[in-house]
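**Student:** Have a look at this one before I ask anything.
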Amino acid sequence: MTRLLPTSALRTGAALMALTVFASAQQAVTAYTNATILPGGKPAMSNATLVVSGGKVIALGGSALKAPEGAIVIDCKGKTITPGLIDASFQSGTKSEDLNEQSDEVTPHLRVLDSIDPEDPRFQRARNAGVTTVHVMPGTRNVIGGLGCVLKTHGTDPKEMVIKEDASMRIVMGAEPSMSNRAIRGGRVNSMYYRRPTTRMGVIWAVRRAFYDAKEALNKTQGAPGDAPPSPGTQILTQVLQGKVTAVTTARSEQDLRTALRIADEFGYQTIIDEAQDAYMVADELAGKKAVVMLGAPSAEAVAGSARSDGAAPRAGTVAVLAAKGITFVITTGTNTAALPLINEAMFAVRNGLGPQQALDAITIEPAKLLGLSDRIGSLAPGKDADFVIWSQNPLDPAAVAESVLINGQSVSQPR
Amino acid sequence: MQILNQNRTTGALLLTTLLAVPTAAQDVLVQASKIIVAYSTEAPNNMVLKDSALLIRNGKIAFVGADIPAEARRAARVIDYGNATISPGFVLAATTLGRDVDLGEGAIAFTPDLLTADAFDPWLEQLDTLAPAGVTSFGLVPSARNVAGGIGAVGKPGLEQGRLIAPEVFVGFSVSRSARNQERQPTSLMGAHQMLRESFTEARDGVKIGPDLAILRQVMSGQRPAFFYADTFAEINAVLDIGASFNFAPIILGGGQSERVIEKLAKRGAGIVLNTLSPMMRRADLELPAKLNKAGIPFCFAGRPDQLRLSAALAVRNGLSRSTASTALTRTPATMLGQQANVGALRTGCGADFVVFQGDFIDLSARHIATWVDGKLAHGASAKQAMKTRNTNLTGGR
């Protein structure tokens, strides 16, 4: 008993100390000094200091910026700091069945957020490779799949991770949405999959009909108040037409890319083009329409998975073509199962003719702008979320390792 | 004449014998050295009577222990279980009695206004497995295949046939994998979530609503408990979100990954009906009951009736207190089913549903002597003997 008392007292003391440190970590000021900082959207700074407190960046500067008094100083000599990477088209690990509501081909109101599991190993993998924010969308087996959301890659509750709900509505071109459907050719019709669309034409017909209904609903609401409200799906489509919800059209082959632009024109909504493997073939049209492109896995030589039959022919040089035409684009991992970690996709883009800063911007500040979140994430500046990565060297070097990944100022890296 | 007289005597004798045979209306006094009237999650709060008795009248507990009036005690048929222990019978919170086919309307996934009571067969063979496992009442739940399956009932087994004591009690929902059917809406979890969100919204805000949405309104007003099949993190999280949005505390059926949502479950006042445990399970699963209890989340078990005791024993071996484990087999499920006044305890007014064990039923070595349902012996080797004689010393007698 006499021995037990002091030991337990010591233990309690140690626990208290640990608690105090933990509690103050949120408010403590931490300075990361002597680093090469690539702040996102701006040129690199050498011997720079990043000061973080309360989950936010409070200062960023060159060697002239001194760590505030009382700050925890972490010497980052030889290391490179970048903003946390943003994957604007990220495939979550949720099973395909749960990412696609197959009872209807047009389900604009379904939320991918409802199927998010914070312990999804893909979040963990992305986080370990420096990705701190992802834009997740429903699957690609529906013509209009539903609403995407933007999440930080760390948390225990999807509601805490989400930084933008209903961030986008996905429309899918090509063969995938019609894949599981069958045409009636006699015999017993014993499944809901005997339905339209079964062809590319049918897919576009479904898109057109959905937007036609939405337009009708818009006109009706204006004309006759007191009418029954349109269906939840149609309500989302009307918001797309009004520019309140961003449309993202997943299109890979040349013909699908052209169709995506044409349909958007026809109904007068703006759309981001997702995947866009054949973008180099339609670069002039994309530039002319001022389209924004989320280029899926530009390093991949082919489209793997169920979109293989879309007939897209990806080329490594697409990044350089888009850059030369002045098209706004971001680099994503997208739906291609052959995608590399996001940082390596940027690295390959550099190898294929994109400038290093532009490549890094395409996975940091550009996706932040595209998602409407550049006031919070995508670059390192006072007031922004303290989401950043400490790399062993320049992250575009193939040997670079994300040594430390921080979200809201807290380390989320795992031991290697 | 002589012959006639003789016949008359025989007749009178026969009549006397018939009268001596206890009738249904006669009180029964059940004695034992230990009677647990009700379990509590805190051991000292268990209501335990030593060398006491229960007086059963019309299938219910009429008096307990010292409250039994002397004249009723004298008039009653006495059953003495000697040094055995009498505890409340087990309550199986949710079962389909193996009749999933009849309890999941296949055509559409949203059928909250169907009644499982309509599919109840009192002669079902599965009912015969309940009393031998100590189960004296059960929740008849719709199958997990429909997002809103229907209204569940509460029933009891019997020596020959079972019966329902409350035909319309709780509502059975499901967002588990079996509710997501690739041949009808919804096929996905987000589809199931959306279906619930839209239906509850319409039930809350709609002016003219049908009988199906009226059921959801009863859930929101707390009139009916809501049971949701949900197993994975995303499924449980979806159910808790729906509960929070529409202001009710759900009861999760399954809840395999509930450890990951434990704080949220506690915050939302949700309960869990865990699947019965087995020794082959991962340690984390076996420790789950103790963790849920620590977080203040009410839980019980459902699944194979013959594994209820084993589940309680395994939970105790992995950190749960005996009294909480016993509560999880009796009072907790009774409360979840809203039947705490009728089953799960041996208080005055409750059904005379109890189990008799030689020792504590949490000890797997304790011998199960008998199960009584509605004041009648439903399982036990001495059934015939008990019914025949006025004073019976049964197995386990002093």
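The values are calculated or read from the model by the stated rules, or taken from the named source; none is laboratory data. Please read all numbers here as calculations on a predicted model, not as lab measurements. Don't worry about glycine lacking a Cβ; one is built from the backbone with ideal geometry, like all the others, and counts go over all protein chains shown.
**Student:** Can you go through B:ARG224, B:ARG217, B:ARG197 and tell me which one is surrounded by fewer than 21 Cβ atoms within 10 Å (Cβ to Cβ), more than 14 Å from every other protein chain (Cβ to nearest Cβ) and at pLDDT 95 or above?
**Tutor:** Just one listed residue meets the conditions, B:ARG217.
**Student:** Can you pull out the strands (runs of 3 or more DSSP E) entirely within region B:342-396 that have at least 2 residues that are modelled with pLDDT under 90 and more than 26 Å from B:GLY155 (Cβ to Cβ)?
**Tutor:** Of the strands (runs of 3 or more DSSP E) lying wholly inside region B:342-396, those with at least 2 residues that are modelled with pLDDT under 90 and more than 26 Å from B:GLY155 (Cβ to Cβ) span B:391-393.
**Student:** Within region A:184-211, how many residues are surrounded by fewer than 14 Cβ atoms within 10 Å (Cβ to Cβ), within 14 Å of another protein chain (Cβ to nearest Cβ) and either of a type in the set (Ser, Thr, Tyr) or assigned to a helix (DSSP H, G or I) (or both)?
**Tutor:** 1
**Student:** Something else about it: Residues that are polar (S, T, N, Q) and either surrounded by fewer than 18 Cβ atoms within 10 Å (Cβ to Cβ) or under 16 Å from B:MET336 (Cβ atoms) (or both): does region B:229-244 have at least one?
**Tutor:** The answer is no, given that none of the residues of region B:229-244 is polar (S, T, N, Q) and either surrounded by fewer than 18 Cβ atoms within 10 Å (Cβ to Cβ) or under 16 Å from B:MET336 (Cβ atoms) (or both).
**Student:** Within region B:95-138, how many residues turn out to be assigned to a strand (DSSP E or B), over 19 Å from B:PHE227 (Cα atoms) and of a type outside the set (Ser, Thr, Tyr)?
**Tutor:** 1
**Student:** Out of everything in region B:158-168 that is within 19 Å of B:ASP100 (Cα to Cα) and surrounded by fewer than 24 Cβ atoms within 10 Å (Cβ to Cβ), what residue ends up being farthest from the other protein chains (Cβ to nearest Cβ)?
**Tutor:** B:ARG163
**Student:** Follow-up question, since we're still on this one. Mind checking which residues of region A:136-159 are over 14 Å from A:SER89 (Cα atoms) and without any contact (Cβ under 8 Å) to a residue 40 or more places away in the chain?
**Tutor:** Selection gives A:GLY155, A:THR156, A:ASP157, A:LYS159.
**Student:** Among the numbered criteria (1) of a type outside the set (Ser, Thr, Tyr); (2) within 14 Å of another protein chain (Cβ to nearest Cβ); (3) closer than 30 Å to B:PRO305 by Cα, which single criterion is violated by B:GLU125?
**Tutor:** (2)
**Student:** Go through region A:74-162 and tell me which strands (runs of 3 or more DSSP E), entirely inside it, have 2 or more residues that are buried (at least 24 other Cβ atoms within 10 Å of the Cβ) and either within 14 Å of chain B (Cβ to nearest Cβ) or hydrophobic (A, V, I, L, M, F, W, C) (or both).
**Tutor:** So the answer is A:85-90, A:131-136, A:144-152.
**Student:** A:LYS244 - would you say it is among the basic types (Lys, Arg), in the same structural domain as A:ALA302 (by TED's automatic domain parsing) and within 22 Å of A:CYS149 (Cβ to Cβ)?
**Tutor:** Values: among the basic types (Lys, Arg): yes; in the same structural domain as A:ALA302 (by TED's automatic domain parsing): yes; within 22 Å of A:CYS149 (Cβ to Cβ): yes.
For A:LYS244, the condition - among the basic types (Lys, Arg), in the same structural domain as A:ALA302 (by TED's automatic domain parsing) and within 22 Å of A:CYS149 (Cβ to Cβ) - is met.
**Student:** Only one residue in A:SER379, A:SER374, A:SER413 is in a loop (DSSP other than H, G, I, E, B), out of contact with any strand residue (DSSP E or B) (no Cβ under 8 Å at 6 or more places or on another chain) and not basic (Lys, Arg). Which one?
**Tutor:** Numbers: A:SER379 fails: out of contact with any strand residue (DSSP E or B) (no Cβ under 8 Å at 6 or more places or on another chain); A:SER413 fails: out of contact with any strand residue (DSSP E or B) (no Cβ under 8 Å at 6 or more places or on another chain).
After applying the criteria, what remains is A:SER374.
**Student:** Look through B:GLY344, B:GLY349 and report the one residue that is on the phi > 0 side of the Ramachandran plot, crowded, with 21+ Cβ neighbours inside 10 Å, of a type outside the set (Val, Ile, Thr) and outside the structural domain of B:ASP80 (by TED's automatic domain parsing).
**Tutor:** B:GLY344 is the lone residue from the list that is on the phi > 0 side of the Ramachandran plot, crowded, with 21+ Cβ neighbours inside 10 Å, of a type outside the set (Val, Ile, Thr) and outside the structural domain of B:ASP80 (by TED's automatic domain parsing).
**Student:** Look through A:MET179, A:MET169, A:MET161, A:MET173 and report the one residue that is more than 20 Å from the chain's Cα centre (by Cα) and either closer than 24 Å to A:ARG262 by Cβ or modelled with pLDDT of 95 or more (or both).
**Tutor:** It is A:MET179.
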